[in-house]
1. Which distance in nm do the two modelled labels at HIS145 and GLN371 give, with both placed 7 Å along the Cα-to-Cβ direction?
2. Based on alpha-carbon atoms only, what is the radius of gyration of the stretch 370-418 relative to the globular estimate 2.2 N^0.38 Å?
3. If eta is 0.692 mPa s and T is 37 °C, what Stokes-Einstein diffusion coefficient results for the chain, Kirkwood Rh from Cα pairs, in µm²/s?
4. Of the accessible area of the chain, with the probe set at 1.4 angstrom, what percent is carbon plus sulfur?
5. Based on the Kirkwood radius over alpha-carbon pairs, what value in µm²/s does the Stokes-Einstein equation return for the translational diffusion coefficient of the stretch 101-240 at 10 °C and 1.306 mPa s?
6. Quote to one decimal, in nm, the extra length available between ASP11 and ASP67 on full extension: 0.36 nm per residue of separation minus the C-alpha distance between them.
7. For the chain, take the longest principal axis of its alpha carbons; what is the angle in degrees between that and the long axis of helix 173-186, to the nearest 10 within 0 to 90?
8. Report the full-extension gain for the segment GLU448 to LYS352: residue separation times 0.36 nm, less the Cα-Cα distance, to one decimal in nm.
Amino acid sequence: MSSSQGKFILDRKDIPADPNAYVYRDPRRGGGRWSLYFYDRETKERHRLVLKDGNGAYPPPTIEGQDAAWMLGIAKYVELKGKSERGEAIRSLKFSEMVKKFLLKERRRISDIPHNGISKARFRLLESQLRWITDYLGHKDPEVHKIRRNAFLNYEIWRKERAKEFERDIPQQTTINQEMSTLRRCFNEVAVANGFLTRDSVPEIPSVKLPKDKRHRRDDFTEKEWLEIEKCARYYWTKGATRILDKTYKIEKDTSGQFKTIRNVQHTSARGRRQVSHRQMLYYAMRISMDTGIRIGSLRKMKWKHITENTAIPKEERKIWLLVNVPPENTKTGRSYTISAPIAKHLEGLRKVTGFKTKDDFLFVNQGTGQPFSDRIWKDALCEILVEARLANWAEDDSNNLRKVEIHSGKNLTWYSFRHTYITMRLNAGVPVATVAANTDTSMKYIEDHYFHYRASEATEILSKGRRFRASMQELKWVDAVEETP
C-alpha cells in the first residue's frame, strides 16, 4: 500500500481469515464514514462500499462506531464472498443500464446481409418494446436484483390502458407477448449472463394466455373477401377508377343498377399512366401471392431469372404451372426452396405492363426509376384496394402522407394475409400438410400449430382411401384468365 493510499484508510480493522478485506474509515466519504474494502480474487476487482444498517443509518464516523461498523462489514463481506463464489456480479446493475447494454449488443448485430444479424427495422422494434416496458416502471430505475418477483404481472393491463391514454390502437395479445419475450431476453442475455442475477432470481415475466379459439389465429381473407378484392381490383382499381360512395359509405348505383364510378387516376399525364401501370402490377402481385403463398419479403425481391419452366409435367400443364426458385438470401429462413404454382398467366400479364424484363430485373419495379417498389407503394396500394372492396373505411387520421384504414372485420389485414389465405385454402382443399409446408418454406409443426384444425366430419373421404389419395395440387377454382372489364 502506498503512502498516498494509506492516508485515506483510517481506523482499519481486518476481516478474519481474509487479508484482502477490512473495515475502515474514508475521510473523503461523508466526513469519514465507515466502509468495507473487499478484493475479489476471481474477477481481480476491488470493491469499496459505504456501510449502513437495514434502516439506512450509518455508524458514527468515529472510533466509537468501529464495533458497529465491523459487524456490518462482516455481514456485507459474507454476502459479497458468497456472490463471488457463485459467479455473480458484486456490483449492482440498474434496469436502464441493462436495457442500454442489451440494445448496444443488438445494434452491433445490424446487418444489410440477409440472415447475418438483424435489420434496422427489427432494431427499432426492440427499442420501441423496451421503451414501453421502461415507461411501465415509471420514474423508478431499480437495481435489477431489487426488482420484485411479481413486478411485471400487471403489465398487460397497464399496456392496454396506456395505449388508450395515448389514443393508440389497443395492442394484441401477441404484441404484448413479443414485448415480454424481449424483456426476458434482456434479463437473460445481460443480467444473468454477466452474473448480476441467477436464473432463479429473474423476476417472473408472464406470457399472455390466448383463448383456445384464437390461440393460433392468423388474419387471412375469407373466400368471399378474397373474391371481392380480386373483382374490385380488376374491374375498377387497376383502371384508375373508383366506385362512388355516399355519405354513409354505401356504393351508389345508376338507374340501370350499375355502380357509379369516377376516375381517380388520370391517363392523360405520364405520372398518371405510371400510376395505372403500378396498380396493374400490384394486382398481379396479389394474384401471385394468393397462388404461391410466398412471403411478401421474398416476393418483393423476386427477379425474372427466378422463374423457370417445370419440365416434370406435361406440356399443356406448363402453360399454367411454373417453378419459382427462391434463393437463400431472399428467404426468412436462410435456406433456398422452390415453389410450384399456377402463375403463368399472371406473369404474362405482368410482362405486358412492365418495361423491365431482363433476367436480372425485379418483377415489381417503379416504372419511372427501375428501382423496386418502395414500402409506401406496397402499403398504400393495399389500403386503397381494401377500401375499394368495401372491407375497410379510410381512418379519421388518414392523410396522403400516411394512409390509414379501419378494417370492418377488425382483422389486421396485410400483404402477409395473402400467404395466410393460401395456406388455409390449400389445407381446406385437402392438400397434405407436408406438401404445403415444403411449398411455403415452413415447418409442418408450425402449420399444424397455427393453421391446421382437424375436422373428423370433413376427413371421411380422405380416410376412406387408406393410403391412396390425390397428392397432386389442383388448380384453385378462382384461378382463371384475367378478364376484361365487362
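The values are calculated or read from the model by the stated rules, or taken from the named source; none is laboratory data. Just so it is clear, the model here is predicted, and its values are computed rather than measured. Cβ atoms come from the backbone with ideal geometry, glycine included; neighbour counts cover every protein chain shown. Ligands, DNA and RNA are stripped out before the accessible areas are found, and what is left, the full protein with its side chains, is counted by its heavy atoms. Shrake-Rupley method; radii C 1.70, N 1.55, O 1.52, S 1.80 Å.
1. 5.2
2. Working: Rg = 11.2 Å, N = 49, 2.2 N^0.38 = 9.7 Å.
Expressed relative to 2.2 N^0.38 Å, the Cα Rg reads 1.16.
3. Details: Rh = 28.1 Å.
In µm²/s, the coefficient is 117.
4. Working: 13690 of 28050 Å².
It is 49 percent, rounded to a whole number.
5. Numbers: Rh = 18.2 Å.
Answer from the Stokes-Einstein relation: 87 µm²/s.
6. Working: separation 56, 0.36 × 56 = 20.16 nm, distance 1.10 nm.
Working it through step by step, the gained length comes to 19.1 nm.
7. 40
8. Numbers: separation 96, 0.36 × 96 = 34.56 nm, distance 3.95 nm.
Length gained, GLU448 through LYS352: 30.6 nm.
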